Amino acid sequence: MTESFHEWFLREILVHERALARFLMHVWPDRSEVHDLLQETLVRVYEAAAVNRPTAPRGFLFATARHLMADRVRRERIVSIELKGDLESLNVLIDEISPERRLTAREEIWHLAEAFDALTPEYRELIWMMKVEELSQQEAAQRLGVTPKAIERRLARGIRQLQQAFCSRPRTSQSSKTVAEDGGSGYGQS
Amino acid sequence: MDNLEQTNDLAAQWLVRRTSARWSEEDESTLNAWLAASPHNAVAFLRLQALWREADKLKVLGAGFKGQPMPRVGELKSSPFFKHLTRRLRRREMTPASGRAATQDGEHGSHRRPRPRYLVIAWGVAASVVVALTAEIGFQVFNRGNIYSTPVGGLSAVPLADGSKITLNTDSQIRVALTDTERQVDLNRGEAFFEVAPDNSRPFVVYAGEKRIAVLGTKFSVRRDRDAVEVVVTEGKVAVGSRARHSDFPRTAELTPGNVAHAAAAGVNVETRSLSQAEELLSWRSGYLVFHETPLSEAAAEFNRYNLRKIVIDDPNVATLHVSGNFRADNVQAFAQLLQDGFPVMVSRSEDRVVLAPLREKNLSER
């Protein structure tokens, strides 16, 4: 696992994560499974690319997602007219989806602001300190009057909550406020 | 999937720990072992890492909030940054309760930003007409006083014996001379913020090249780029005039809080802004640069004042892109990264420069 492979993965694959999430939301009937599908797709791409990096990463990513969905449909005998129709047109969709449906940078930041606003206040405050005021964890701990260890815990939960709000749920808002305030392991997907 | 959630939670903990001060080489190898143990681990970690980098873009929205309390929920979306965003997106978000999002003022929600009022004070500088403030100074002190300076990227506080305080910005130099009749500061180059202790018997006078800035007790900043002088006032009254003493044209510009004066050879141009906008110009005192739809060329010039690694813009189209945000003045890296993420700009870095070039069509289609 060289550093450069991970950098490559970040740059060429994960930049499309949100586009892929939107795509999956669009075509997969059960939204609660989308996060899982997304992760599974990324893992498959990761494994394949570790051996041999694809020359057209974006296309490869979407094709992998399509294969994965087809597998699941077969395996689980999901019969969904709606989905089937979509799956068959996926070849076209995948190519068409790229430039047109890509959000502008401004729109992405809008969604980021949305996700940020959906955070529990204590996470929101901490992430603001880290990202906008660029405080170190230590500085944040001092300002908030808590131990560095507590900051670590809070930040880890905050990042997870941000992920839930930003990546798993690109179309809805509000609902992430119900995520357990004290963190714990309660990051269920709603 | 519980398993997936657990992996993600663990990955988040690793990510956070890795940026903490206590991170050791031993931790690094434990992390590497964890990443190598399963592609699920690696993917979860990398996804969070990507997200965390993405969150850097919050900086773009930070303009106008630094030093203020953190924006309330919904306030970010009224940032001027979103001015041109499509209606569709906004409408989806607008609920009756968040009507505030409709105000134009993205900063604080409470007041509307006044349109800058320009008040140009014509100021002849032909040889015959010398602009002057007939001042109470009898003579100029040249070879006296203490010299204070800062290197590129420096920021330092200079307390004076009279209780006043001067904050020196990057690459700046002043000479200070306190006498019984006057407190005199020469701004030889750069920028300084003055908090002047009141003393009616000894006016506080700042000379910036040919400009003379006189005050009694107040807070203001003076920035000098060769002959161009900018004065920002946040408290009290300040008079900007010419250094020359003899004149039959004794006109000066009087500045009050919120005023921003640009003085050049041709005259003084006074803008009236809100106090919070004026204070934003002074955000350098806490190490930040704030831009509102600022042309990239200007933003780059600002960064270059603070850093030895200079931003170089290779193309006129890139130079005229507009940027917004709240940035750490010494973090060119973060700024360049955001540009690369958000604009059709290609960033190439070398030891002493960061070159911004237009992204070619071919590259664009791959992003």
Taking the Cα-to-Cβ direction at B:Val73 and at B:Ala161 and moving 7 Å from each Cα, how far apart do the two end points lie in nm? 5.7
Average other protein chain Cβ within 10 Å of Cβ, residues A:131-140: 6
Yeah, the range B:164-258 with a ≥ b ≥ c from its alpha-carbon gyration tensor (a/c under 1.5 is rounded, else prolate when a/b outruns b/c, oblate otherwise) is rounded
On the formula 1/(1 + (r/R0)^6), with r taken between the Cβ atoms of B:Ala33 and A:Arg53 and R0 of 25 Å, the FRET efficiency rounded to 0.05 is 0.60
Solution diffusion estimate, µm²/s, Stokes-Einstein, the range B:1-58, Kirkwood Rh from C-alpha pairs, 4 °C, viscosity 1.567 mPa s: 109
Would the range B:173-229 count as rounded, prolate or oblate if I go by the C-alpha gyration tensor, calling it rounded below 1.5 in a/c and otherwise prolate when a/b exceeds b/c, oblate otherwise? prolate
Under the 0.36 nm per residue contour assumption, what length would be gained going from the current alpha-carbon distance of B:Asn317 and B:Glu254 to full extension? 18.8 nm
Using amide H atoms built 1.01 Å from N in the peptide plane, name the residues 5+ places from A:Leu135, or on other chains, whose amide H lies under 5 Å from its own. A:Met130
Peptide B:6-14: average number of partner chain Cβ atoms within 10 Å per residue? 5
Whole-Hz Karplus ³J(HN,Hα) for the range B:155-168, in order, using 6.51 cos²θ - 1.76 cosθ + 1.60 and θ = phi - 60°, x for Gly and Pro? 8, 8, 9, 10, x, 9, 5, 7, x, 6, 9, 10, 10, 9
The range B:210-315, Rg to Rh (Cα coordinates; Rh as Kirkwood inverse mean 1/r): 1.01
Along the range B:43-56, what does the Karplus equation 6.51 cos²θ - 1.76 cosθ + 1.60 (θ = phi - 60°) give for ³J(HN,Hα), rounded to whole Hz, x for Gly and Pro? 5, 4, 5, 5, 4, 5, 5, 4, 4, 5, 5, 4, 5, 4
Once both label points are put 7 Å beyond Cα along the C-beta direction, the B:Glu235-B:Asp180 separation in nm becomes 3.0
Using the beta-carbon distance between B:Ala228 and A:Glu122 and R0 = 41 Å, what value does 1/(1 + (r/R0)^6) give for FRET efficiency, to the nearest 0.05? 0.35
A:Ser4/A:Thr147 FRET efficiency (R0 35 Å; Cβ-Cβ; nearest 0.05): 0.45
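Considering only DSSP states other than H, G, I, E and B, which trypsin sites (Lys or Arg not before Pro) in the range B:18-64 qualify as loop sites with at most 11 other Cβ atoms within 10 Å?
Of the trypsin sites (Lys or Arg not before Pro), the ones in loops of the range B:18-64 whose Cβ has at most 11 other Cβ atoms within 10 Å are B:Arg22.
Rounded to the nearest 20 debye, what is the charge dipole size of the range B:2-57 about its Cα centre when +1 sits on each Lys and Arg Cβ and -1 on each Asp and Glu Cβ?
Here the range B:2-57 has a charge dipole of around 200 debye.
Bear in mind these aren't lab numbers, they're just calculated from the coordinates by the rules spelled out. Everything numeric in this text was worked out from a predicted model, so none of it was measured. For neighbour counting, all protein chains shown are included, and Cβ atoms are generated from backbone atoms with ideal geometry for every residue, glycine included.
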